[in-house]
Amino acid sequence: MAIPNGDYPNGFSKYADFISKDPEQSVYRRYRRLSSLNLLYLQAELRVLEDDLSRLDFEDLKAQQHAPDDAHLLARSYDAFLADLEAGASSPSSAASLEKMRKIKRLRELMKEYLPFQWNSPLLGLDYDLFDNEKDLVALKTAQGQDRSSIFLLEHLGDVLPDTENMRC
């Protein structure tokens with residue numbers, strides 16, 4: 001619901017309204033150090049999970065050598081894996097399956113955090129399609145200089161392309 005006449009209360013809402021009217025006022029902190037720190041910790045946690053899952057795979061390989069039919073089935077059939085999980089800790093394979101599933105669920109959580117834009121949308125609810133309107137997106141900092149493709153296009157098609165330098169969004 002939009003507020004009529006842009007009469008926002010003092011604070012974040014009023015300041016957001018102000019900077020939305022002039023894109024040059026859109027200056028935000030990147031928190032580069034904190035972002036890097038967060039990614040490093042995520043990488044470390046993912047590395048531990050990777051190592052744990054590799055260990056579990058190695059144990060599955062050993063199990064396939066001792067009880068080939070059961071172990072092969074668990075490794076190749078998700079239905080068999082789920083049935084083994086439902087059996088609970090009544091067998092050694094069930095305990096290993098439970099541990100593997102816990103690790104896989106944690107891996108899924110971390111991967112969503114680590115690679116947020118590989119998922120359909122990082123946002124939910126009303127913001128789900130926030131980035132769908134390309135005309136409503138803006139880069140807070142433009143690239144320095146131009147890439148080779150832009151230079152080529154400007155040199156060869158400059159007279160037919162519109163002058164975007166004097167255009168305002």
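Values in this text are rule-based calculations from the coordinates and carry no lab data. No experiment lies behind these values; they were computed from the predicted model shown. A quick note on method: Cβ atoms are made from the backbone with ideal geometry, for glycine too, and the neighbour counts reach across all protein chains shown.
Modelled spin-label separation between Met101 and Asp22, with each label point placed 7 Å from Cα along the Cα-to-Cβ direction: 5.8 nm. Of all lysines in the structure, the ones whose alpha carbon falls short of 19 Å from that of Lys100, not counting any fewer than 8 places away in one chain, are Lys62, Lys112. Here Lys21 is the anchor, and the lysines within straight C-alpha reach of less than 20 Å, apart from those fewer than 8 places off in the same chain, are Lys135, Lys141. Applying 0.36 nm per residue to the separation of His156 and His72 and subtracting their alpha-carbon distance, the gain on full extension is 24.1 nm. Note on Phe12 and Ser54: with the Förster distance fixed at 45 Å, the Cβ-Cβ geometry gives a FRET efficiency of about 0.45.
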